[in-house]
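Data block below; observations after.
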Amino acid sequence: MNNYHLNTTCIQGGYEPKEGEPRVLPIVQSTTFKYESAETVGKLFDLQESGFFYTRLANPTLDAVEKKIAALEGGVGAMLTSSGQAAITIAMLNLCKAGDHVISSSAIYGGTFNLFNKTFRDLGIDITFVTPDITAEQLMASFKSNTKAVYVESISNPSLDIIDVEMFSKIAHQNDVPVIVDNTFPTPVNFKPFEYGADIVVHSTSKYLDGHAVSLGGVIVDSGKFNFANGKFPAFTEPDESYHGIIYSEAFGNAAYISKARLHLMRDIGAQQSPQNAFLLNLGLETLFLRVERHCKNAQQVAEFLENHPKIEFVTYPGLKSNKYYNIAQKYYPNGTCGVITFGVKGDKETCQKLIDNLKLIAMVVHVADARSGILHPASTTHRQLSDKQLVEAGIKANSIRLSVGIEYVDDIINDLKQALDKI
Ligand SMILES: *Cc1c(COP(=O)(O)O)cnc(C)c1O
């Protein structure tokens with residue numbers, strides 16, 4: 001499938017049925033698989049033969065969707081997970097353990113912030129949060145001898161900061177450390193982190209990749225480019241006694257990272273996506289290219305409408321000339337960024353809630369990035385655990401509203417906002 005346009009890969013990638021097989025990716029709703037001999041199953045366990053034996057590790061429906069997403073991102077392999085949070089957890093634990101240190105952008109999803117700041121610290125993993133606009137020199141100075149990973153969101157949820165992935169990758173690589181990019185917001189349609197030096201990509205597939213708010217999931221994609229045998233990652237170069245002495249970098253070459261994620265962490269943690277969810281995710285992926293295009297077109301028009309409205313204090317959208325990331329967005333995102341806009345109403349928390357209550361078409365939902373327009377007040381919902389200082393660091397104001405522009409007819413979205421603004 002390598003020579004096709006991304007849109008074609010969205011539709012047909014990953015699944016190539018043979019003679020007489022279903023044209024559409026089937027749901028293999030089975031935890032287990034039948035074999036004729038004990039010897040064959042032994043070989044599967046020893047990785048001498050490839051095949052499926054238990055859905056916690058791998059399943060044919062998931063396998064096809066993983067291949068599609070790997071192709072979309074340009075990676076050597078991918079692994080689906082039960083949620084975006086599970087993908088991030090496994091992606092990081094595949095690199096670091098107690099006593100290690102991680103550098104993360106502070107402009108990240110609230111759930112990821114808590115995962116790092118609470119659970120990872122409890123596990124003994126030290127975290128330094130850096131501002132997304134950090135200079136190369138400052139970033140260089142943030143590394144310690146035990147730093148094992150750099151984590152960023154290409155476009156952050158919900159603050160819409162844009163990371164200079166090329167700069168982060170360059171500095172990380174000078175320190176022999178890989179960069180993990182959460183690419184949930186732009187999707188590979190608008191941005192491919194591997195082309196700018198990133199090593200690992202994660203997604204909450206619950207967002208644009210599924211696109212219909214029906215299937216919770218996550219994915220990890222391996223670029224295959226990072227050298228885990230550089231001396232900093234003994235878990236890849238020394239025998240894993242829990243998997244009869246396998247040495248991941250030798251057994252799997254440039255797919256060592258994604259193989260270890262599956263054989264070690266998916267085996268132990270079991271945060272596997274269900275075949276039903278993977279099927280639904282695949283249906284969503286088929287229209288990803290079309291949807292993302294429309295999300296971005298609609299969001300640009302809505303952002304421009306809001307920016308010109310007298311009751312609006314500020315609009316954050318990288319497609320607006322007034323945005324501080326406008327220039328960097330032109331470099332990294334020539335086809336658009338995402339469908340999410342953050343804006344502030346002139347007023348306080350109550351004004352925000354009143355506006356949201358007055359909307360008819362745009363629904364108040366704890367979700368972004370699906371076909372239906374949705375709206376949310378982060379300070380009182382997704383980010384309510386954060387202190388005022390942490391809110392500022394995450395780029396969220398008390399009157400910030402997150403609007404996820406859907407793919408409805410754009411005038412209907414704008415008219416709904418207009419009538420709700422008239423009432424405040
Ligand atoms: C939603 C989201 C997550 C978490 O994903 P879940 O599927 O909800 O677990 C992580 N990162 C970003 C950028 C998100 O938007």
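The values are calculated or read from the model by the stated rules, or taken from the named source; none is laboratory data. Since the model is a prediction, treat every value here as computed from it, not as a measurement. We place every Cβ from the backbone using ideal geometry, glycine too, and count neighbours over all the protein chains shown. Surface areas here come from the heavy atoms of the whole protein model, side chains and all, with no ligands, DNA or RNA. Shrake-Rupley method; radii C 1.70, N 1.55, O 1.52, S 1.80 Å.
Could you grab me the full set of residues in the stretch 52-81 that are under 13 Å from the mean Cα position of the chain (by Cα) and either over 24 Å from A172 (Cα atoms) or not small (G, A, S) (or both)?
I69, E73, M79, L80, T81
List the strands (runs of 3 or more DSSP E) that sit entirely inside the stretch 126-244 and contain at least 2 residues that are among the hydroxyl-bearing types (S, T, Y).
Fully inside the stretch 126-244 and qualifying: 147-153.
Here are some residues: S37, S83, S50. Which one is open to solvent by 30 Å² or more (accessible area, probe 1.4 Å), among the small types (G, A, S) and over 22 Å from S242 (Cα atoms)?
Step by step, each of S37, S83, S50 is checked, and only S37 is open to solvent by 30 Å² or more (accessible area, probe 1.4 Å), among the small types (G, A, S) and over 22 Å from S242 (Cα atoms).
In the stretch 187-208, how many residues are more than 10 Å from the ligand (Cβ to nearest atom) and either surrounded by fewer than 24 Cβ atoms within 10 Å (Cβ to Cβ) or not hydroxyl-bearing (S, T, Y) (or both)?
Qualifying residue count, the stretch 187-208: 14.
Is there a residue in the stretch 58-65 that is in contact with a Lys or Arg (Cβ under 6 Å, 6 or more places away or on another chain) and under 30 Å from I125 (Cβ atoms)?
No; the residues of the stretch 58-65 include none that is in contact with a Lys or Arg (Cβ under 6 Å, 6 or more places away or on another chain) and under 30 Å from I125 (Cβ atoms).
Which of the following residues is under 18 Å from Y257 (Cα atoms) and modelled with pLDDT of 95 or more: A78, A98?
A78
Of the residues S249, S259, S274, which is assigned by TED's automatic domain parsing to the domain that holds G75, over 18 Å from the mean Cα position of the chain (by Cα), under 30 Å from G406 (Cα atoms) and of a type in the set (G, A, S)?
Exactly one of S249, S259, S274 is assigned by TED's automatic domain parsing to the domain that holds G75, over 18 Å from the mean Cα position of the chain (by Cα), under 30 Å from G406 (Cα atoms) and of a type in the set (G, A, S), namely S274.
I'd like the full set of residues that are under 17 Å from C352 (Cα atoms) and open to solvent by less than 80 Å² (accessible area, probe 1.4 Å), limited to the stretch 308-326.
If the condition is that a residue be under 17 Å from C352 (Cα atoms) and open to solvent by less than 80 Å² (accessible area, probe 1.4 Å), then H309, K311, I312, F314, V315, T316 are the ones that fit.
Starting from residues that are in contact with a His (Cβ under 9 Å, 6 or more places away or on another chain) and under 21 Å from V201 (Cβ atoms), keep the ones in the stretch 126-148 and report whichever is most open to solvent (accessible area, probe 1.4 Å).
Only one residue fits best here, namely K148.
Listed here are the residues, each with its yes/no results for (1) touching a helix residue (DSSP H, G or I) at 6+ places or on another chain (Cβ under 6 Å); (2) free of Cβ contacts under 8 Å to residues at least 60 places away in the same chain.
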{"position": "S83", "(1), (2)": "no, no"}
{"position": "A87", "(1), (2)": "no, no"}
{"position": "S106", "(1), (2)": "yes, no"}
{"position": "L160", "(1), (2)": "no, no"}
{"position": "I171", "(1), (2)": "yes, yes"}
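Quick check, is G74 within 16 Å of the ligand (Cβ to nearest atom) and over 30 Å from G245 (Cβ atoms)?
No: the conditions fail for G74.
I162: more than 15 Å from the ligand (Cβ to nearest atom) and either open to solvent by less than 10 Å² (accessible area, probe 1.4 Å) or over 14 Å from the mean Cα position of the chain (by Cα) (or both), yes or no?
Criteria not met by I162.
Working only within the stretch 400-424, note down all residues that are assigned to a helix (DSSP H, G or I), over 15 Å from T351 (Cβ atoms) and either within 26 Å of the chain's Cα centre (by Cα) or among the aliphatic types (A, V, I, L, M) (or both).
Those that are assigned to a helix (DSSP H, G or I), over 15 Å from T351 (Cβ atoms) and either within 26 Å of the chain's Cα centre (by Cα) or among the aliphatic types (A, V, I, L, M) (or both): V410, I413, I414.
Suppose we filter A303, A256 for residues that are small (G, A, S), open to solvent by less than 10 Å² (accessible area, probe 1.4 Å) and touching an Asp or Glu at 6+ places or on another chain (Cβ under 9 Å); which single one remains?
After ruling out the rest, the residue left standing is A256.
Within the stretch 172-183, how many residues turn out to be within 11 Å of the ligand (Cβ to nearest atom) and open to solvent by 10 Å² or more (accessible area, probe 1.4 Å)?
Result for the stretch 172-183: 1.
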